[in-house]
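Data block below; observations after.
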Amino acid sequence: MAGMALGVGPGVLVLQLLWGLALLFCLALSRTAGRARFAVVLVALGAAVLSAALLLFPREDEHPVAAAAAEIVDTFFIGRFVLLAVMSLVVLGCLFLLLIYHVMEPVYAKPLHSS
């Protein structure tokens, strides 16, 4: 197996590099004038085709042989559940504030000009 970098394998890093470069090329081409602006579509399609090729042809075996059956235990389940609950409450609070201050904002009538 190839070495790991930043906790992910080399394939993920190659895909990130590919899409990062495609994004930079798309941003650079979107600022050009004329017909060169439409090359953004070709860059995006090229990156998609290359990504599909990299994903469809893996280098290593898809089903590696397990050394030993290890039991997976989620030790941070309660903390993750509490974090999810707090984030849900924050989202609900933000939606409530959006409702009060943006959606239900009063629309005042403009004064009539009489002659």
The chain, Gaussian network, Cα under 10 Å: of V91, V40, V14, the residue fluctuating most is V91
Given the candidates P58, L95, F77, the one whose Cα lies deepest towards the positive end of the charge dipole of the chain, counting +1 at each Lys or Arg C-beta and -1 at each Asp or Glu C-beta, is L95
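Treating only the Cβ atoms of Lys and Arg (+1) and Asp and Glu (-1) as charged, compute the dipole magnitude of the chain about its Cα centre; round to the nearest 20 debye.
The dipole of the chain has a size of about 800 debye.
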Treat each spin label as a single point 7 Å out from the Cα along the C-beta direction, and report the S114 to L97 distance in nm. 4.4 nm
Fluctuation leader among L55, L95, L18 - the chain, Gaussian network, Cα springs under 10 angstrom: L95
Working note, the stretch 8-57: Cα radius of gyration (Å, one decimal) and Dmax (Å, whole number) are 12.4, 41
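Only the coordinates and a few stated rules stand behind these numbers; no lab work does. Quick caveat: nothing in here was measured; it's all calculated off a predicted structure. Methodologically, a virtual Cβ is constructed for each residue, glycine included, from the backbone with ideal geometry; neighbour enumeration extends over all protein chains shown.
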